[in-house]
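**Student:** Okay, handing you the structure first.
The values are calculated or read from the model by the stated rules, or taken from the named source; none is laboratory data. Since the structure is predicted, the reported quantities are computational estimates derived from the model, not experimental observations. All Cβ positions, even for glycine, are placed from backbone atoms using ideal geometry, and neighbour counts span all protein chains on display. Side chains are part of the model used for accessible areas, which takes the heavy atoms of the whole protein and leaves out ligands, DNA and RNA. Shrake-Rupley method; radii C 1.70, N 1.55, O 1.52, S 1.80 Å.
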Amino acid sequence: MLSRRQFFQSSGWAIFTAALGFAFGPGLVRYLYPRVLFEPSSVFKAGFPAEYPPGTVSERWKKTPYGVWIARKEDGEFYALLAICTHLGCTPRWFGAENKFKCPCHGSGFDREGINYEGPAPRPLERVKISLAEDGQLLIDKSIKFLYEKDQWDNPGASLKA
């Protein structure tokens with residue numbers, strides 16, 4: 001038979017242990033599972049060069065998880081721009097009639113090459129690596145970026161002569 005003192009003492013310890021279990025139990029269970037982000041690959045094939053007419057900017061990949069524009073100059077050179085404004089990360093819009101990118105958030109303007117010329121954007125848009133895959137398609141790698149202010153736009157991979 002338990003005395004009153006022993007009953008309340010053991011009940012107190014049981015409540016304390018239960019409270020610790022409720023407080024730290026979910027964290028312990030979460031600790032047992034890996035923390036993995038399932039994101040799309042940063043490398044993707046963007047189709048064949050013939051799908052992009054000279055002198056155009058393609059918005060085909062802008063609203064996908066990849067978020068890039070693929071531009072082709074009149075001379076056939078390709079480059080891929082990341083569809084993220086360098087001011088606050090909004091997605092600019094391409095206005096083909098005006099031949100410019102315009103950010104809807106704060107009015108930053110970028111020319112066809114991605115160079116900023118108006119608004120609060122501190123630097124030009126970023127280029128990402130573009131190359132040809134073995135099957136002849138354009139291969140975009142968003143993990144490799146080229147910055148204009150570091151004179152990287154002339155580096156191999158910043159553009160593709162086709």
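**Student:** Within the range 120-137, work out how many residues are touching a strand residue (DSSP E or B) at 6+ places or on another chain (Cβ under 6 Å) and either more than 21 Å from residue 92 (Cβ to Cβ) or polar (S, T, N, Q) (or both).
**Tutor:** Going through the range 120-137 one residue at a time, the tally reaches 3.
**Student:** Contact list please: Cβ distance under 9 Å, first residue in the range 50-63 and surrounded by 15 or more Cβ atoms within 10 Å (Cβ to Cβ), second residue among the polar types (S, T, N, Q) and part of a loop (DSSP other than H, G, I, E, B), pairs at least six apart or on different chains.
**Tutor:** Once the first residue is surrounded by 15 or more Cβ atoms within 10 Å (Cβ to Cβ) and sits in the range 50-63, its partners that are among the polar types (S, T, N, Q) and part of a loop (DSSP other than H, G, I, E, B) give 57/99; 62/91.
Conditions tested, residue by residue: (1) under 21 Å from residue 139 (Cα atoms); (2) among the hydroxyl-bearing types (Ser, Thr, Tyr); (3) out of contact with any strand residue (DSSP E or B) (no Cβ under 7 Å at 6 or more places or on another chain).
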{"residue": "23", "(1), (2), (3)": "no, no, yes"}
{"residue": "29", "(1), (2), (3)": "no, no, yes"}
{"residue": "41", "(1), (2), (3)": "yes, yes, yes"}
{"residue": "61", "(1), (2), (3)": "yes, no, no"}
{"residue": "65", "(1), (2), (3)": "yes, no, yes"}
{"residue": "75", "(1), (2), (3)": "yes, no, yes"}
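**Student:** State all residues of the range 66-86 that are of a type in the set (Gly, Ala, Ser) and surrounded by fewer than 18 Cβ atoms within 10 Å (Cβ to Cβ); if no residue qualifies, say none.
**Tutor:** Selection gives 67, 76.
**Student:** Give me the pairs: first residue in the range 20-45 and surrounded by 10 or more Cβ atoms within 10 Å (Cβ to Cβ), second residue polar (S, T, N, Q), beta-carbon distance under 8 Å, and six or more apart or on different chains, which are they?
**Tutor:** Correct list of pairs: 42/143; 43/143; 45/137.
**Student:** A further question on this structure: Would you mind finding the one in 98, 118 that is surrounded by 13 or more Cβ atoms within 10 Å (Cβ to Cβ), farther than 15 Å from residue 81 by Cα and acidic (Asp, Glu)?
**Tutor:** The conditions single out 118.
**Student:** Please specify each residue of the range 1-20 satisfying the condition of being of a type in the set (A, V, I, L, M, F, W, C) and not in a helix (DSSP H, G or I).
**Tutor:** Correct list: 1, 2.
**Student:** Report the residue count in the range 123-136 for those that are open to solvent by less than 40 Å² (accessible area, probe 1.4 Å) and assigned to a loop (DSSP other than H, G, I, E, B).
**Tutor:** Looking only at that region, the number is 5.
**Student:** Can I ask one more? Considering only the range 141-162, how many residues are farther than 20 Å from residue 55 by Cα, in a strand (DSSP E or B) and open to solvent by 60 Å² or more (accessible area, probe 1.4 Å)?
**Tutor:** Adding up the residues that qualify gives 3.
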